[in-house]
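The values are calculated or read from the model by the stated rules, or taken from the named source; none is laboratory data. Fair warning: this is a prediction, and the values are worked out from it, not measured in the lab. No Cβ is skipped: glycine too gets one built from the backbone with ideal geometry, and neighbour counts run over all protein chains shown. Keep in mind that these areas ignore ligands, DNA and RNA; they rest on the heavy atoms of the full protein, side chains included. Shrake-Rupley method; radii C 1.70, N 1.55, O 1.52, S 1.80 Å.
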Amino acid sequence: MDRRSFLRTSAIGGAAAASTTLAAPAYAQGNRTLTMVTSVPDGFAIFDDAAQQVADYITNATDGALTINKMPAGSLVGAFEVFDAVSSGQADLYHSADYYFLNQHPAFAFFTSVPFGMTGQEMANWYYHRGGHEAHTELASLFNLRSFLCGNTAMQPGGWFNIEINSVEDLQGLRFRMPGQGGQVLGRLGASVQNIPGGEIYQALSSGQIDGAEWIGPYADERMGFQEVTPNYYTSGFHEPGSALTLGFNLDVWESLTAPQQTIVDAATRAVYSTNLSLSLAENGAALARLQAGGTQIREFPDDVWDAFGTAAAEVREENMSDPIYADIATSYFESLRESAAWFEIGDGEYMRQRNRVNG
Ligand code: CA
C-alpha cells in the first residue's frame, strides 16, 4: 500500500469511525437492560410462560430500547424475595403472584386470588373496569412499586392428596402446601400449612416432607410430575378460582420510562393476561384426560367439606377488615364480584345449561 492510498483509506475509515462515534452515545443512551426477577424456574408451564412472554413483548416492541433480562427464582434472589428486591431497587421489576406478599400487606391477596372469589374473567372485569387496577396502583405505590396484572392461571384445582378427604377431620394435621388466604383457611381447619416455592414442591412431595400440594392446574401440574408420587387429584378448589400474576416495577424505574415505553408495558401486560388465561383453559382439559388415563384418581370434596371451607374463608376475610386499606379494596372487589356473578348467572350460566341440553 502506498502512502496516498493509506491516507485515503484511513481518512475514509476515520470518517466512518467518527460518524459511528457520534451516533453511538445517543443510541446507547436510549437502550436499557432491566433486570426482571421471577418466582419460578425458567420453563415452568403457565407461570414462566407469562413471564417470558411479557419480557419478549416489551423487548421486541421497544426494539430493544427496553431489554428485559429475566432472572428466574434463585438466580439473583429467592422466589419469595422478589418483592423486597424490586421495592428496594436491587432489581428493576418482578413477575410473580402478589399473594406471596401478604406479610407486606394482606390486601395483596386480592391481586392474585382469594377463597370463593373471582374467576379469571370476573377478575378482568374488576381490574380493568371497576377500579381494581387503580387500587393495585395505589397499594403498590406504598411499597415504591408500580404493578400490573400480567397473566392468569384460570380456575385452580383443590390439589394433590396422598389420602382421600371424606370429612373435615381428614384435614387434621395434614401437611399441605398452599399459599395465600387459601392456606390460612386450611390452617384454620387443622391442616399444617406450608408455603413452598413452585420449584421445590415436587421434591417436598416425593420425599414425604408434605402430604399434599396444590399448584396451578392439570396442564402445569402434569408438567411438574405430581402424578408420579401422589394418587388423588381433587379437581375443584375453593382457594384460587382465577389466580392472577403480577408484573411489578420499581416505582423510580417506572417513572424513568418514556410515555411510549409505559404504554407498551401496559399493553403487554393486558395481552399476557388474556393469552395466559386462555392457554390454561385450552390445555387443561386434554391434560386432565391424560392424567386420568395414566391412573390418577379424580376426586371432589364432599359438600360438608366445602361448607367448612366457606365458613373458615369468611372468618379469614372478616379478620382482615380492621385494616382500612384492606377493607376499601375488599369492598370494591366484592361489589364487582356480585355484579359480575349476577350477570354470569343470567347470561353464560343459563346459556351453558341450554347448550349442553340441546347439544347433548
Ligand atoms: Ca396455586
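Only one residue in S96, S75 is surrounded by fewer than 21 Cβ atoms within 10 Å (Cβ to Cβ) and either under 27 Å from S280 (Cβ atoms) or touching a helix residue (DSSP H, G or I) at 6+ places or on another chain (Cβ under 6 Å) (or both). Which one?
S75
Hey, among T258, T246, which residue is among the β-branched types (V, I, T), modelled with pLDDT of 95 or more and under 14 Å from the mean Cα position of the chain (by Cα)? The conditions single out T246. Evaluation of M118 against the conditions (1) within 16 Å of the ligand (Cβ to nearest atom); (2) open to solvent by 10 Å² or more (accessible area, probe 1.4 Å) shows that the sole unmet condition is (2). Taking the listed residues R223, R177, the one that is among the basic types (K, R) and either away from the ligand (no atom under 14 Å from the Cβ) or open to solvent by 10 Å² or more (accessible area, probe 1.4 Å) (or both) is R223, with no other qualifying.
Residues are listed down the side, and each one gets a yes or a no for (1) among the hydroxyl-bearing types (S, T, Y); (2) touching a residue at least 60 places away in the same chain (Cβ under 8 Å); (3) within 16 Å of the ligand (Cβ to nearest atom); (4) outside the structural domain of A313 (by TED's automatic domain parsing):
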site	(1), (2), (3), (4)
S206	yes, no, no, no
A213	no, no, yes, no
E228	no, no, no, no
N232	no, yes, no, no
N250	no, yes, no, yes
V253	no, yes, no, yes
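Give the range 103-115 a look and list any residue that's in contact with a Ser or Thr (Cβ under 9 Å, 6 or more places away or on another chain) and surrounded by 18 or more Cβ atoms within 10 Å (Cβ to Cβ), or say none.
We begin by selecting, within the range 103-115, every residue in contact with a Ser or Thr (Cβ under 9 Å, 6 or more places away or on another chain); these are 104, 108, 110-113.
Hits for the range 103-115 are F108, F110, F111, T112, S113.
Pairs, please: C-beta under 9 Å, at least 6 apart or cross-chain, first residue part of a loop (DSSP other than H, G, I, E, B) and in the range 154-178, second among the hydroxyl-bearing types (S, T, Y) and away from the ligand (no atom under 16 Å from the Cβ)? Taking only residues 6 or more apart or on different chains, the pairs are A154/S278; G173/S192; L174/S192. Condition test on G158, is it out of contact with any Pro (no Cβ under 9 Å at 6 or more places or on another chain), modelled with pLDDT of 95 or more, of a type in the set (G, A, S) and within 16 Å of the ligand (Cβ to nearest atom)? Answer is yes for this residue. Taken together, G217, G198 contain a single residue that is within 20 Å of the chain's Cα centre (by Cα) and under 18 Å from G285 (Cβ atoms), which is G217.
In the list G183, G242, G198, which residue meets the criterion of being farther than 22 Å from A73 by Cα, within 16 Å of the ligand (Cβ to nearest atom), of a type in the set (G, A, S) and surrounded by 20 or more Cβ atoms within 10 Å (Cβ to Cβ)? Lay out the reasoning, then the answer.
Values: G183 fails: farther than 22 Å from A73 by Cα; G198 fails: farther than 22 Å from A73 by Cα.
Of the residues listed, the single one that is farther than 22 Å from A73 by Cα, within 16 Å of the ligand (Cβ to nearest atom), of a type in the set (G, A, S) and surrounded by 20 or more Cβ atoms within 10 Å (Cβ to Cβ) is G242.
Against the criterion of being in the same structural domain as E138 (by TED's automatic domain parsing) and more than 16 Å from the ligand (Cβ to nearest atom), G310 does not qualify. All of R317, R299 fail the test of being modelled with pLDDT under 95 and buried (at least 17 other Cβ atoms within 10 Å of the Cβ), apart from R317.
Run down D42, D49, D84 and say which single residue is within 22 Å of A135 (Cα to Cα) and either open to solvent by 50 Å² or more (accessible area, probe 1.4 Å) or in contact with an Asp or Glu (Cβ under 7 Å, 6 or more places away or on another chain) (or both).
On the way: D42 fails: within 22 Å of A135 (Cα to Cα); D49 fails: within 22 Å of A135 (Cα to Cα).
One residue alone meets the criteria, D84.
Within the range 84-111, residues that are part of a helix (DSSP H, G or I) sit with their Cβ atoms under 7 Å from residues that are within 16 Å of the ligand (Cβ to nearest atom) and among the charged types (D, E, K, R), at 6+ positions apart or across chains, in these pairs: F108/D98; F111/D98.
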